[in-house]
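The values are calculated or read from the model by the stated rules, or taken from the named source; none is laboratory data. Computed from a predicted model, the values in this text were never measured in an experiment. With ideal geometry, Cβ positions are generated from the backbone for all residues, glycine too; neighbour counts draw on all protein chains shown. For the accessible areas, the whole protein counts, side chains as well, though only heavy atoms, and no ligand, DNA or RNA atoms are used. Shrake-Rupley method; radii C 1.70, N 1.55, O 1.52, S 1.80 Å.
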Amino acid sequence: MDLSDAVIVKSSRLKSVVWNDFDRVKKGDTFVAICRHCKKKLSGSSSSGTSHLRNHLIRCQRRSNHGITQFLSSREKKKEGTLALANVNVDQEQTRDEPLIVVNYKFDKFEQGQVKDDAGSVASGNFDQRRSQFDIARMIILHGYPVQMVEHVGFRVFVKNLQPLFEIVTTDRVEADCMDIYSQEKQKVYEVLDKLPGKISLSANLWSAFDDAEYLCLTAHYIDEAWQLKKKTLNFVLVDPTHTEDVRSEVIMTCLMDWDIDRKLFSMTFDSHSANDNVVHRIRDRLSQNRFLYCNGMLFDTRCAVSLMKVMVHDSLEVLSVVTHKIRESIRYVRSSQVTLMKFNEIASEGGVESQKCLCLDNPSRWDSTYFMLEVALEYRWVFSRLQEQDIAYSMCPTDLEWERVRTVTSYLKHFVEVANVFVKDKYPTANIYFSEICDIHLHLIEWCKNSDDFISSMALKIKSKFDEYWEKCSFSLAVAAMLDPRFKIKLIEYYYQQIFGTGSAELIDEVFEYIKALYNEHSIGSPLASFDQGLTCQVSGSAGCLPSSGRDSKDRLMGYDKFLHETSQSQGIRSDLDKYLEEPLFPRSVDFNILNWWKVHTPRYPILAMMARNILGIPMSKVTPEFAFDNGGRVLDREWSSLRPTTVQALMCSQDWIGEVEK
């Protein structure tokens, strides 16, 4: 076509990004789109759309070469070509939630607009708008970026320069994509929970938002078929702080039934304070009525061990707050000027204080930071006293009695720091590691309460009262978990109980052992009214007396038979898994011992006890993640996400946990 007399048409109606690379010209009644790079002529009629123009731009060699020339310097062009992406077939439409993975950072030479596959062959590519939208949504979820970032000018410019064909999405569109991803991932998690071979334990955390709202985070903890300890965030729901315990418990029950795990629940872990007592009781009573819980819910109520540590540390530092303030101001004064610091160091040198630690102020939001500040200050105790004698401007030095109290309390804090580090050293700690550490705290508290200084003993009595509440709720769970450690079995319980309870220990040990046997017996006859557990019990025990149940009524009728079979087997002198396990020698203690791997290997030998171990060892005795173990405050939701709709917040928080686990 001769376009010598054609005119370029510029119209505000041409909004597609393809017109950045085409000129639309008109000759007579005909519209033609001319590629600015290769000058190829295509239909420019409004009825033709823009798809054929987009496809041309992808294949246009002159446009590709022009783009790479701008992108690479002349020196860089001498190096080996472009970034290779493997495992990407852009000819085919990508699934919406399949990630693009850069797996090879070698620069290979091949034409732009083409991508090499694993075999090294070159495939022509078609841009996928929908796939790219989902990639943005996944990026926002995975890294916690603000949803509003898609409307930031800098982001829009970056994307347009990177891929002009991409149509920028709105915040509402990204939120909808995030909800789509959440629905897909939720179905995957639902299927995982449905197929679990054991029970599920739940932990509950409260998060605060920037608008004073509160969110309840429910997390499932379980041991999967491969004997790996896992956890999944199930719900992140907005709760009203004024809600009663009845309403709060109903919210949790609704979440459990939504996931269909109410009959598979084994325990729940809350913070250590008693404000959660009524919530726990209501949920436990509800589940006990349906006979879903073992031992009438004896193990259901678990309190967070790290949360207990925080409460005891808070009470200890609160009693010491006046002296801590003096030490903090003393350090601030010494570091206020170079002259004062030099004087302080001179006194330390003259007095033979050879500490390699430097005076530092604490971070009040972290209690381990306050401990380290006090520990270092104690090493310079004599220097502070001499400085006060020589510098009339310094008057904040603690008295000798106050220094002694700081020394005593710091020794307590040191023990708490060491125990907390044991609890958080593993990302997914199993329940067996807690018993010995908690018992050590118990023994220390007994000694601290005997201190001759009323100031110290009253403080110890206060924190021991908090500990006793925790012990009353959790001692049985702790002991059972310790018994399931083949390195200790019942011997560890005997060792600590004799030290803690003295002459009354024998009766308490017998009581614990009776509970262990009762728990084992319930596992041996199947979980009450749970067809899943009964079927699993039949599989692992190989009992010919376990018949498949077609419904609730037939299952209930066979429960009596299962109990009869178990009792008659015992009366005939048949040794149980529990008997064999306790009679055999202790497994040697070693640093790299993996208790879950031990039970995985020994499941054929102790099939019923292994079921019990799977449920017990998966209990989250602590629900605090390592990075927050020493924080004085609670978890706070990001400001940008706090402004979103509650349903969107839940989708983002849950999906971040689910996708993040896959990406690692």
> Which links in Lys462/Lys491; Lys231/Lys414; Lys231/Lys264; Lys310/Lys425 stretch past 25 Å when you go from one Cα to the other?
Replying inline: Lys462/Lys491; Lys231/Lys414
>> For the pairs Lys489/Lys580; Lys473/Lys517; Lys466/Lys517, flag any whose C-alpha to C-alpha distance is greater than 21 Å.
In response: Lys466/Lys517
> Tell me, what HN-Hα J-couplings in whole Hz come from the Karplus equation 6.51 cos²θ - 1.76 cosθ + 1.60 at θ = phi - 60° for each residue of the stretch 132-147, using x for Gly and Pro?
Replying inline: 5, 4, 5, 4, 5, 4, 5, 4, 4, 5, 5, 9, x, 6, x, 4
> Which whole-number percent is the relative contact order of the stretch 257-328 (Cα, under 8 Å, 6+ apart)?
Replying inline: 38 percent
>> Taking all protein chains in place and a 1.4 Å probe, what share, in percent, of the accessible surface of the stretch 171-321 do carbon and sulfur account for?
In response: 46 percent
> How long are the three semi-axes of the equivalent ellipsoid for the stretch 457-529, computed from the Cα gyration tensor as the root of 5 times each eigenvalue, in whole Å, largest first?
Replying inline: 27, 16, 11
>> Taking the alpha-carbon distance from Lys40 and a cut-off under 15 Å, which aspartates and glutamates remain once sequence neighbours fewer than 8 residues away in the same chain are dropped?
In response: Asp2, Asp21, Asp23
>> Quick check on packing: order 503-516, 640-653 by the mean number of other C-beta atoms within 10 Å, highest mean leading.
In response: 640-653, 503-516
>> Using the Kirkwood radius over C-alpha pairs as Rh, can you work out the diffusion coefficient of the stretch 303-442 via Stokes-Einstein at 10 °C, viscosity 1.306 mPa s, in µm² per second?
In response: 96 µm²/s
> Does the stretch 422-500 come out rounded, prolate or oblate, given a ≥ b ≥ c as the square roots of the eigenvalues of its C-alpha gyration tensor, rounded meaning a/c under 1.5 and, failing that, prolate meaning a/b above b/c?
Replying inline: prolate
> Ranked from highest to lowest mean number of other Cβ atoms within 10 Å per residue, what is the order of the peptides 486-496, 146-156, 594-604?
Replying inline: 486-496, 594-604, 146-156
> Please identify the trypsin sites (Lys or Arg not before Pro) of the stretch 335-407 that satisfy two criteria: DSSP loop assignment and at most 16 other Cβ atoms within 10 Å. Which are they?
Replying inline: Arg335, Lys357
> What shape does the stretch 349-394 take by its C-alpha gyration tensor, where a ≥ b ≥ c are the square roots of the eigenvalues and a/c under 1.5 counts as rounded, a/b above b/c as prolate, and the rest as oblate?
Replying inline: oblate
